[in-house]
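The values are calculated or read from the model by the stated rules, or taken from the named source; none is laboratory data. If you're wondering where the values come from, they're calculated on a predicted model, not measured in any experiment. No Cβ is skipped: glycine too gets one built from the backbone with ideal geometry, and neighbour counts run over all protein chains shown. The accessibility values were calculated without ligands, DNA or RNA, using every heavy atom of the protein model including side chains. Shrake-Rupley method; radii C 1.70, N 1.55, O 1.52, S 1.80 Å.
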Amino acid sequence: MPAAIRAWKQFKAAQFRHVPNFSHTRHTGNTSVTDDLFRKVRVLCWIMTGPKNIETKAKHVKYSWTRHCNVVLFMSSVKNETFPTVGLGTKEGRDQLYWKTIRAFQYVHKHHFDQAEWFLKADDDTYVVMDNLRWMLSKYTSDQPIYFGKRFKPFARQGYMSGGAGYVLSKEGLKRFVDGFHTEDCKHTTHVEDVAIGQCMEKMGVIAGDSRDSINRETFHPLSPETHLTYRYSKTYWYWSYSLYPVVEGPQCCSDLAISFHYVEPVVMHMLEYFTYHLRPYGYKYRYQPPLSVHEQKKSTFTQKKHVKPNGTSLVIKK
């Protein structure tokens, strides 16, 4: 058995009691742009999990990509003060996913609404590149009623976002979703969480946004990285008929600024964290660096400060 796999098995057998020692640190390169977006495009991440998944899945999410969120909450059926998780008072099981989602968003709206502009839901086997998510969101403002994810086309006129790939609501989108249950425009009509979310969003006038990059490659992905990058799908495979945008097989399937992948094993969470934030080929100039949107570029480039001169006049300095 290779030493790396042997070490991993020993690590796993220890139930990750020492996970903090294995957590990755952010690379020390020039991060001024991402640091700026971290402050200006605040994202609250809430993770759908359950009591049985705390040790096997949720811990790996906690010590990998969620460290890049502005606020992180783990939502479960019952409260766990040690991990911790928020207890939603639901049962467990696939037929409870929409109830958990409804109550999770209601909890976020009640307790954390002012701590972020965008609100991301992800499963405990989803990996998200938060810096790429912020780049995509920087083209929009959170007062727009909009949400983003991997867009499927059936069951709603404007389609709906894959639950496994994760989806992100604007502040206005979250407000309208919660209002939909207060007014009973939205109801618990199906246990299929992502379909029900999409139908409620449509009723409440929340737009299903286009999350593709500037050359129309997908950023949210409902399957694992190896599936999207290497598999060829049978023409009868469900993905062909569900995907709103044309399906591309192979390496061109995915944006260089990909945001999410689903069905990510715990060990792969840490691998993706390393590949994303640490691995760099020496001397390679990155080939794809689309600019920020015009309004975000202005906000990031120019900070205005007003200085009052001794004679009472003012001078505005841009830096």
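When S234 is tested against (1) within 21 Å of the chain's Cα centre (by Cα); (2) polar (S, T, N, Q); (3) surrounded by fewer than 14 Cβ atoms within 10 Å (Cβ to Cβ), just one condition goes unmet, and that condition is (1). S76 satisfies every condition listed in (1) on the phi < 0 side of the Ramachandran plot; (2) open to solvent by 30 Å² or more (accessible area, probe 1.4 Å); (3) among the small types (G, A, S) except (2). Here the stretch 231-267 is the region considered, the condition is being among the β-branched types (V, I, T) and modelled with pLDDT of 95 or more, and the residue that is farthest from K285 (Cα to Cα) is V264. A single entry from K203, K187 fulfils the requirement of being at pLDDT below 90 and surrounded by fewer than 19 Cβ atoms within 10 Å (Cβ to Cβ): K187. Pairing residues of the stretch 236-249 that are over 9 Å from K153 (Cα atoms) with residues that are surrounded by fewer than 12 Cβ atoms within 10 Å (Cβ to Cβ) and not aliphatic (A, V, I, L, M), at Cβ distances under 6 Å and at least 6 apart in sequence or on separate chains, gives E249/R232.
So, in the stretch 50-106, exactly how many residues are assigned to a helix (DSSP H, G or I) and touching a Leu at 6+ places or on another chain (Cβ under 7 Å)?
Qualifying residue count for the region: 4.
Checking each residue in the stretch 123-139 for being assigned to a loop (DSSP other than H, G, I, E, B) and either crowded, with 19+ Cβ neighbours inside 10 Å or under 15 Å from the mean Cα position of the chain (by Cα) (or both) picks out D124, D125, T126, V129, S138. Taking the stretch 194-298 as the region of interest, the helices (runs of 4 or more DSSP H) fully inside it that hold 2 or more residues being closer than 30 Å to R39 by Cβ are 266-277. Just one of the listed residues (D114, D143) is in a loop (DSSP other than H, G, I, E, B), more than 18 Å from the chain's Cα centre (by Cα) and under 27 Å from I207 (Cβ atoms), namely D143. Looking at the structure I just gave you, is E249 of a type in the set (D, E), surrounded by 12 or more Cβ atoms within 10 Å (Cβ to Cβ) and more than 23 Å from A58 (Cβ to Cβ)? Yes.
List pairs: first residue in the stretch 37-59 and of a type in the set (S, T, Y), second residue buried (at least 17 other Cβ atoms within 10 Å of the Cβ) anywhere in the structure, Cβ distance under 7 angstrom, at least six positions apart or on different chains. From residues that are of a type in the set (S, T, Y), the pairs are T49/K57; T49/A58; T49/F74; T49/M75; T49/S76; T49/T85; T49/D124; T56/P266.
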